[in-house]
Amino acid sequence: MGEYLRVWGGRPLFGRVRIPAAKNSVLPLLAASMLSDGETILTEVPDLADVRQSLAIFKALQGSYQWQGNRLKLKPGSEMNAGVLPADAARAMRSSVFYLAPALHRFGRVQTPMPGGCKLGPRPIDIHLEGLSQMGAKVEWQGEELVVTAPRGLHGMDYALRLPSVGATETLLMAAVRAKGETILRGVAREPEIVDLANYLIQCGAVIEGAGSPVIRVRGQKQLHGAEYTPIPDRITAATLAAAVASACGHVTLEHCSPELLVPELLVLEQAGCGIQRKEDSILVERSRPLKGVGRIYTGVYPGFSTDAAPVIAAALLTANGRSAIEDTVFENRFACARGFTEMGANAVRAGRAVEIQGVRNLVGATTQGTDLRGGAALVVAALAAKEQSNIYGVEHIRRGYKDLPSTLQTLGANIKLCNDEQTELEVTEG
Ligand code: UD1
């Protein structure tokens, strides 16, 4: 079965944690750095499994990179390339899709299998592809491989997305900054990571207006230069640690993270009975008394309650007194972790896209399996409340989005260790 996290819950968490740069910013930014001819330096970058996969693609497209601590230097290659993404890395994560537009601009061609990622339900890329074809790209499937070509470059367009997809907004923004003429993107997603991508591109010389609003206008540029850029902090990591405190009790300061990035998630934790102190660039989360159920919550596109935060906050509500439910309006299969919750003694049932929870007094230890990134983290959050040992498999999913989650929680006082089936405890820093 491989590696697992051994968690002995029931210990409150205390201390301070610095929140790293957002995975969902860093991944599009890595690909976007190929749109310029100069060097990009990204700072505060967490060394995540998904970041490594993205760097494997970057390198296969002749880019070079260098880590300097948590600074990442990126330089696109100068030679022509057939734009072929390495199949393993492309299939390992959804974010391989971010290379479509940069590779098209650089090489006039890109070839990739369908991007992979967490199994949250159907995740088509039709909006990415339809937008690119409206900009002049030819899109075809050769067996299992997607081949997109634009030997004479892309041109601007006036385009309305059929739904505000985060990834498609980012793809079309990246395509537009080097396209000929003006592009208007209507009905786009408004997530902070999109604003972050736009801010980086503006620093590289792009002309973009309206990022963070439903309409983005871009004036395409012939060339972009590199930039040094610090991505925004990871609001989902912050929500996960806040949920961990809500589950385990204690008080923890989340440093280098504006509370503005997770307004609905903090309000729900407050409604459940947590104390939240908001400062300009930090959040103190405190739980000292029993939690209460919060009724029914719906996730939504930003600034709504984040779909990625839903499983970890659901985990914190398993022992809240009364009823809670979270319905995910974005993905069909967000709550695969409900099975693990039940194995830990929770009263949590899936109903369509929702998880419905009747709080129980105590959770019990269990051996269970995380099957996606946030669901795996949610099982860890739940296990922190059980005053017994839990073994959580599926560490490879958690590593995709959290740098050293076990050692971060251990620093705060949790009893958590990375183990393998031979019962050898590995260094927690490997987590
Ligand atoms: C991004 C985030 C992910 C988050 C999600 C929603 C990254 C790397 N990942 O994923 O963590 O959970 O936003 O906030 O930033 N859709 C289509 N056609 C498309 C594109 C999307 O039908 O061409 C649908 C998807 O199937 C899904 C919904 O739109 O049901 C939302 O997906 P989208 O916003 O694109 O999410 P991602 O960019 O994949």
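Values as computed for the structure displayed
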{"quantity": "Share of alpha-carbon pairs per 10 Å distance bin for the stretch 323-428, given as whole %", "calculated": "15, 46, 31, 8, 0"}
{"quantity": "Accessible-area order (highest first, 1.4 angstrom probe) of the listed residues Ser54, Ser282, Ser288", "calculated": "Ser288, Ser282, Ser54"}
{"quantity": "Residues of the chain: accessible area per residue with a 1.4 Å probe, Å²", "calculated": "39 Å²"}
{"quantity": "Carbon/sulfur fraction of accessible area - the stretch 115-199, other protein chains in place, 1.4 Å, %", "calculated": "51 percent"}
{"quantity": "Ratio of the Cα radius of gyration of the stretch 87-146 to 2.2 N^0.38 Å, where N counts its residues", "calculated": "1.09"}
{"quantity": "Rounded to 10°, Cα long-axis angle of helix 373-383 versus longest principal axis of the chain", "calculated": "10 degrees"}
{"quantity": "Point-charge dipole on Cβ atoms (K/R +1, D/E -1) for the stretch 23-229, about Cα centre, debye to 20", "calculated": "220 debye"}
{"quantity": "Which of Arg334, Arg52 is most accessible, then next, and so on - probe 1.4 Å", "calculated": "Arg52, Arg334"}
{"quantity": "The chain, Rg to Rh (Cα coordinates; Rh as Kirkwood inverse mean 1/r)", "calculated": "0.98"}
{"quantity": "Rounded tilt (10° steps) of 49-60 against the dominant C-alpha axis of the chain", "calculated": "20 degrees"}
{"quantity": "Length gained when the stretch Ser213-Ser64 is fully extended (0.36 nm per residue, less Cα-Cα span)", "calculated": "50.2 nm"}
{"quantity": "18 Å Cα-Cα reach of Lys279 towards aspartates and glutamates, excluding residues that sit fewer than 8 places from it in its own chain", "calculated": "Asp234, Glu255, Glu260, Glu265, Glu270"}
{"quantity": "Rounded D (µm²/s) - the stretch 23-229, Kirkwood Rh over Cα pairs, Stokes-Einstein at 37 °C, 0.692 mPa s", "calculated": "198 µm²/s"}
{"quantity": "Local electrostatic count, Leu317, Cβ distance below 10 Å [Lys/Arg +1, Asp/Glu -1]", "calculated": "+2"}
{"quantity": "Cα pair distances in the stretch 38-104, grouped into 5 Å bins until the bin that holds the longest one, percent each", "calculated": "4, 17, 28, 26, 18, 7, 0"}
{"quantity": "Val349 paired with Asp37, simple spin-label distance in nm, labels 7 Å along Cα-to-beta-carbon", "calculated": "6.4 nm"}
{"quantity": "Relative contact order [Cα under 8 Å, 6+ residues apart], the stretch 23-229, whole percent", "calculated": "21 percent"}
{"quantity": "Label point distance in nm, Val364-Arg16, each placed 7 Å from Cα along Cα→Cβ", "calculated": "4.2 nm"}
{"quantity": "Total formal charge among the other residues, if their Cβ is under 13 angstrom from that of Tyr65, Lys/Arg +1 and Asp/Glu -1", "calculated": "+3"}
{"quantity": "Over the chain: helical MRE at 222 nm, DSSP H runs n ≥ 4 each giving -39500 (n - 2.57), nearest 500", "calculated": "-8500 deg cm²/dmol"}
{"quantity": "Of Lys75/Lys180; Lys119/Lys417; Lys180/Lys403; Lys59/Lys138, those spanning more than 32 Å from alpha-carbon to alpha-carbon", "calculated": "Lys180/Lys403"}
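The values are calculated or read from the model by the stated rules, or taken from the named source; none is laboratory data. Note that the structure is predicted; figures quoted are calculated from it, not measured. Glycine gets a Cβ as well: all are built from the backbone with ideal geometry, and neighbour counts include every protein chain shown. With ligands, DNA and RNA removed, areas are computed over all heavy atoms of the protein, side chains included. Shrake-Rupley method; radii C 1.70, N 1.55, O 1.52, S 1.80 Å.
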